[in-house]
1. State all residues of the stretch 530-541 that are assigned to a loop (DSSP other than H, G, I, E, B) and touching a residue at least 60 places away in the same chain (Cβ under 8 Å); if no residue qualifies, say none.
2. Return only the number of the condition from (1) in contact with a strand residue (DSSP E or B) (Cβ under 7 Å, 6 or more places away or on another chain); (2) of a type in the set (A, V, I, L, M, F, W, C); (3) not in a helix (DSSP H, G or I) that residue 471 does not satisfy.
3. Please indicate, with yes or no, whether at least one residue in the stretch 341-356 is assigned to a loop (DSSP other than H, G, I, E, B), more than 18 Å from residue 452 (Cβ to Cβ) and either under 26 Å from the mean Cα position of the chain (by Cα) or modelled with pLDDT of 95 or more (or both).
4. Out of (1) touching a residue at least 24 places away in the same chain (Cβ under 8 Å); (2) farther than 20 Å from residue 462 by Cα; (3) not in a loop (DSSP other than H, G, I, E, B), what's the single condition that is false for residue 361?
5. In the set 484, 476, 471, which member is in the same structural domain as residue 551 (by TED's automatic domain parsing), aliphatic (A, V, I, L, M) and within 20 Å of the chain's Cα centre (by Cα)?
6. Just need a number here: residues in the stretch 310-339 that are surrounded by 15 or more Cβ atoms within 10 Å (Cβ to Cβ) and within 21 Å of residue 257 (Cα to Cα).
7. Which residues, taken from the stretch 323-367, are hydroxyl-bearing (Ser, Thr, Tyr) and closer than 30 Å to residue 422 by Cα?
8. Could you give me the residue pairs with C-beta distances under 7 Å whose first residue belongs to the stretch 46-57 and is within 20 Å of residue 561 (Cβ to Cβ), whose second residue is of a type in the set (D, E, K, R) wherever it lies, and which are 6+ apart or on separate chains?
Amino acid sequence: MKKILIHWIGVFSLLAFSTAAFAVAKEVPVDALVPDNIQRQTALIVNRVLERYHYRKVVLDNKLSEKILDRYLESLDPNKSFFTQQDIDTFAKYRYKLDDAIASGKLEPAFDIFRKYRMRVDQRVALPLSLLEKNKFDFTRDETYRFDREDAPWAKDKKEISDQWRKRVKNDILGLSLAGKDEKKIRETLEKRYKTLRRRIHQLDADSVFQTFINAYTLSIEPHTAYMSPERSENFDISMRLSLQGIGAVLRSDDEYTTVQKVVPGGPADKSGQLHAGDRIVGVAQGKDGEMLDIVGWPLQDVVEKIRGKKDTLVRLNVLPKAAGMDAPTRIVSIVRDKIKLEDQAAKSSIIEADGMRFGVIDVPAFYRDFRGQASGNKDFRSTTRDVRKLIAKLQKQKVDGIIVDLRNNGGGSLTEATELTGLFIPFGPVVQVKDSQGHIDVERDTDPEEVYSGPLAVLVNRNSASASEIFAAAIQDYGRGLIVGEPTFGKGTVQSLVDLSQFARGKDDLGRLRLTIAQFFRVQGGSTQHKGVVPDVIFPTADGSGKHGERSLDNALPWAEIKPAEYHPEGQLHLSMLQSKHEKRVGHDLAFRFLTEQNQEINKLQDKKEVSLLESERKKEWQEREQRALERHNKLRALRGLEPLTKLDDEEEDDTDTEEDPEGINRIMQEETARILADY
């Protein structure tokens, strides 16, 4: 069998590939949007590799063809802004033919659909441009605009979709007006935005169309499998080399918005405390005085190039905060670019006191390992396990009563580190089982009999703890070695690898790469970390039971599964019955924890909101009430921390200092409660 794996990704964290294709520099003639022989060959090879090597057994048939069509239309028009139901009806002829198109390499249906899409974009964008020229909008008229149409039906005809666009223009004008822009600037900004949208679609070439279509196939199978064209592969390599430079944020494209998917621990964005996962970036400016460019509708790569820059230079971002909602005014975030150093991401320790006891907190933001240093023979190469070992020794000298390992927002990293870190807390034995697509099971083991720390232990996790974090937390739980506390974790229990497709072809053409799911993780007790994640022994009220987050929110995610337990020897059963009830009674009266739960409820409410009022007075009222609630929450917490109250939320940024990145101690709230739980235990 060919060796298909050119990269062992191991536990691939929350870094996701956007399925939106990169644009090329020039507009592409419509008659150039046809498949070529290289794309036909690539489609055949992708299909063969998926059928043979993907962890989920792939059958390309009519049932899958239906899914591919729906996914392709969703990829092109995710917010149902261009196609009508009449268009969708015309595509019904392809519903049971796309499987044959891929299997035979006859890709014309995908390109036929895309050419119709491009035509519809031209027609739809013409309307807002004409409205900007001649229309005056009445913001005293009581009507609403549905900005999130993912679950809405397609507009039935041209009249209905035109009215949607009228409301969209009205909403865009109102939003910019509430942000303080004058009428002339608003119209200039929106004219440029809509023309950019049209130009972006005109710049998509045949390779972009092919990549979007093939990814409609891969994503219909499983959410972490994706095709990268040769150009996209090159950009991926560049991004991996430069991933620790700039502002330190992983971005993704959501419809026409650029969304912060993850803030890299230790990076400039993280240190600033001003940018968070879920925030939407709508503008970018260079330096203190550079023009703020409206980047709504820009290709992701173009946005990244504007944000990325030289060390010590300033970039200003115009941001719609996740916690403020789509109808709120934007805020300007200033960040000085820097290189993220390994020591900034390294594990750190602190001490928290609770109920007369002292607990050491070890914050582990990632499972890192200096593979280059190790390969070069450096005996002192950095790794998570080595750093944590030193921190444990330091905390023991300080005579702590227990240790908390904080894995919140840790998206994973090295599988080796997850295994070795577990070994610091257990004598020896299996840590995780890995089952491949052929059904073979390998067991990753801790072979070192030394138990570096055997005292009271708690592991703090949240909904963004994933992959390697879940392996560590699951092993600690299965061995009965410590308490798992917090929120159910992300639930990503699969392994991906990059496959070079060119090795399957006779010629020398670069066919790109396939990111392929090849294996699944299983706990030593036999259950998977996939889908369900790790459920804590003590669950915080901030836990989201809606299923809207993590692996369980992704289409076509692999289900939870179970295999035979490994042979292991748990240290004993933890007695947990009283811990949850004492926790719930305590946080019901805890003002700091109430801050978290109320903030969480506000964010969930905003995320459930799909439409906004176009009545200016109502819009202002909603925003002011939301700001007032947020201000009251912060001031209650500040009073608890002995801080002066704020008169407005913007004062909070001015209150921050270089020595105190979190003056209100928001990050400590969960740590403090974990310490109390460990004290209870």
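1. So the first thing to find is which residues in the stretch 530-541 are assigned to a loop (DSSP other than H, G, I, E, B), and the list is 530-537, 540-541.
Correct list: 533, 534, 536, 537, 540.
2. Tallying (1) in contact with a strand residue (DSSP E or B) (Cβ under 7 Å, 6 or more places away or on another chain); (2) of a type in the set (A, V, I, L, M, F, W, C); (3) not in a helix (DSSP H, G or I), residue 471 fails exactly one: (3).
3. Yes; the residues of the stretch 341-356 include at least one that is assigned to a loop (DSSP other than H, G, I, E, B), more than 18 Å from residue 452 (Cβ to Cβ) and either under 26 Å from the mean Cα position of the chain (by Cα) or modelled with pLDDT of 95 or more (or both).
4. Checking residue 361 against (1) touching a residue at least 24 places away in the same chain (Cβ under 8 Å); (2) farther than 20 Å from residue 462 by Cα; (3) not in a loop (DSSP other than H, G, I, E, B), the one that fails is (2).
5. Working: 484 fails: within 20 Å of the chain's Cα centre (by Cα); 476 fails: within 20 Å of the chain's Cα centre (by Cα).
Result of the check over 484, 476, 471: 471.
6. 19
7. Quick first cut of the stretch 323-367, residues hydroxyl-bearing (Ser, Thr, Tyr) only: 330, 334, 349-350.
Those that are hydroxyl-bearing (Ser, Thr, Tyr) and closer than 30 Å to residue 422 by Cα: 349, 350.
8. Pairs that qualify, where the first residue is within 20 Å of residue 561 (Cβ to Cβ) and the partner is of a type in the set (D, E, K, R), are 56/222.
The values are calculated or read from the model by the stated rules, or taken from the named source; none is laboratory data. Here the structure is a predicted model, which means the values were calculated and not measured. All Cβ positions, even for glycine, are placed from backbone atoms using ideal geometry, and neighbour counts span all protein chains on display.
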